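In what follows, a single structure is set out as structure tokens and then discussed.
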Amino acid sequence: MKRIGIMTTGGDCSGLNTVIQRVVTGAMRRGWTVIGILDGTDGLCASPARFVEFTYDTLPIETARLAGSWLHNGHAGALNYETAAATGRLNEFNRRVRKSLQELKLDALILVGGNGSLSLAWENREIYSDLSLVCIPKTIDMDVPLTDSTIGFDTAVQQVVNFCDQLILTARSHHRFFVVQTMGRDCGNLALKAGVAFGADVILIPEIKFDIDELVYHIQEQPRDYGIILVSEGIRIRGHSGRPADIISRKLTAAGVVNRTAFPEHIQRAGDTVASDRILAVKMADAALNAIENNETFVMTRVHDGECDTIGLAEFFAAGEITSDPKIPNMHTSNAYVSPDDPLLAVAYNMGIYMGTEE
Ligand code: F6P
């Protein structure tokens, strides 16, 4: 009989509720108790900690497909690493989290988070030293090292494709282009996959340098007078500040290309969870429970060569590109980016999609 906790941290995405629901199902089948911590670390910092004890119908199967997190991911004033660092309360924060975990008498904690949360968990690992910590990677950015899939990514790709599917109809009516800006803080995976799936004329991602005049020329040379230019929010354009889609739109307008901008924004984190994300969520929930059963700790679930297993958080940290956290002193994040060997890049180039300078 084990008593386990689960919490969702960082930005939400579709698929979180499927993970939670399946963790509860699998754990209860084993006779375990599952505690859901509310608002991530903020719930742990409260005294007493804010949590719910799950029963089979707390999060029923019919709501598991819905986006968002039933457990919440934190509010504006929430106490997390960032806000604790900003207010000089990091030590107090660490102490409170560890104390709550002890008071809750948890054997294990499943942390469903992105690369930021996983990095912070590893860098502050003494907080979790009284229990088994098993992480499940989720993000629409696909910037977590060592895993081929993250929960929420496929649904986000579908959301961007749906958005472009709608825009292209009005684009054709008015003989104009749309410059669509996707999320993906520093990583271009979402724009790349969605752009190829939709059939964008241009895909710009932070990993590939591009020339704005080449881009304009490429659009002027298109056989159609309407289409989609997909721009990842993380691209930088030398000499300009502001939203990349706005900058590109102005350049196109100046060159006589009729266009509008469009921003799907947080709709990318919404949408009913697509089947592939649900399968991933179930596999990762199962792998996490197996890891707890085997007394593993400081591991994350991952997909590698089509198989779902666990790998040490230390390896996740060693494999990624390490950057300093701009908001938390002495903390680092392990990041993944679009690989120059990604076969989808060659496909995109072969299809005549402008992506910048071909290496
Ligand atoms: O990391 C996930 C993400 O959705 C990024 O793609 C985006 O830059 C950011 O979070 C948006 O965060 P917020 O919800 O705080 O606006």
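The values are calculated or read from the model by the stated rules, or taken from the named source; none is laboratory data. Every value quoted in this text rests on a predicted model; they were computed, and no experiment measured them. A quick note on method: Cβ atoms are made from the backbone with ideal geometry, for glycine too, and the neighbour counts reach across all protein chains shown.
Residues considered: D277, D309. Of these, the only one that is touching a helix residue (DSSP H, G or I) at 6+ places or on another chain (Cβ under 9 Å), among the charged types (D, E, K, R) and within 16 Å of the ligand (Cβ to nearest atom) is D277. Restricting attention to segment 1-33 and to residues that are among the charged types (D, E, K, R) and farther than 24 Å from Q102 by Cα, the residue that is nearest to the ligand (Cβ to nearest atom) turns out to be D12. Scanning segment 246-253 for residues that are closer than 23 Å to D12 by Cβ and touching a strand residue (DSSP E or B) at 6+ places or on another chain (Cβ under 7 Å) turns up nothing. Answer yes or no as to whether D165 is without any contact (Cβ under 8 Å) to a residue 40 or more places away in the chain, closer than 30 Å to R243 by Cα and among the charged types (D, E, K, R). Criteria met by D165. When segment 106-149 is limited to residues that are within 14 Å of the ligand (Cβ to nearest atom) and small (G, A, S), the one that is nearest to C45 (Cα to Cα) turns out to be S117. Of all the criteria given as (1) within 15 Å of the ligand (Cβ to nearest atom); (2) under 18 Å from F263 (Cβ atoms), the one not satisfied by F153 is (2).
Within segment 61-98, the residues that satisfy the criterion of being more than 18 Å from D12 (Cβ to Cβ) and polar (S, T, N, Q) are T87, N91, N94. If I filter segment 162-172 for residues that are surrounded by fewer than 23 Cβ atoms within 10 Å (Cβ to Cβ), assigned by TED's automatic domain parsing to the domain that holds V24 and not in a loop (DSSP other than H, G, I, E, B), do I get at least one hit? Checked against the condition, which is being surrounded by fewer than 23 Cβ atoms within 10 Å (Cβ to Cβ), assigned by TED's automatic domain parsing to the domain that holds V24 and not in a loop (DSSP other than H, G, I, E, B), segment 162-172 yields no hits at all.
I need the full set of residues from segment 1-52 which are under 30 Å from E265 (Cα atoms), among the hydroxyl-bearing types (S, T, Y) and without any contact (Cβ under 8 Å) to a residue 60 or more places away in the chain, in order please. Scanning segment 1-52 gives a single hit, T41. In segment 163-202, the qualifying residues are those that are more than 16 Å from the ligand (Cβ to nearest atom) and at positive phi, and the one that is farthest from the chain's Cα centre (by Cα) is H175. One residue stands out among those in segment 281-337 that are closer than 23 Å to Y81 by Cβ and polar (S, T, N, Q): the one that is surrounded by the most Cβ atoms within 10 Å (Cβ to Cβ), which is T301. Kindly indicate whether I229 is touching a residue at least 12 places away in the same chain (Cβ under 8 Å), part of a loop (DSSP other than H, G, I, E, B) and β-branched (V, I, T). So I229 fails the test.
Residues in segment 322-336 that are over 15 Å from P137 (Cα atoms) and in contact (Cβ under 8 Å) with a residue 40 or more places away in the chain: D325, K327, I328, P329, M331, H332.
Has segment 296-304 got any residue that is of a type in the set (V, I, T), within 16 Å of the ligand (Cβ to nearest atom) and in contact with a strand residue (DSSP E or B) (Cβ under 7 Å, 6 or more places away or on another chain)? No. If the condition is being surrounded by 18 or more Cβ atoms within 10 Å (Cβ to Cβ), aliphatic (A, V, I, L, M) and outside any loop (DSSP other than H, G, I, E, B), then segment 66-89 contributes only A84.
Do we find that S129 is polar (S, T, N, Q), touching a residue at least 60 places away in the same chain (Cβ under 8 Å) and assigned by TED's automatic domain parsing to the domain that holds T33 in this structure? Answer is no for this residue. For segment 228-236, state whether one or more residues are over 22 Å from N162 (Cα atoms), within 16 Å of the ligand (Cβ to nearest atom) and surrounded by 20 or more Cβ atoms within 10 Å (Cβ to Cβ). Checked against the condition, which is being over 22 Å from N162 (Cα atoms), within 16 Å of the ligand (Cβ to nearest atom) and surrounded by 20 or more Cβ atoms within 10 Å (Cβ to Cβ), segment 228-236 yields at least one hit.
The set of residues from segment 321-352 being part of a loop (DSSP other than H, G, I, E, B) and touching a helix residue (DSSP H, G or I) at 6+ places or on another chain (Cβ under 7 Å) comprises K327, I328, P329, M331, V338.
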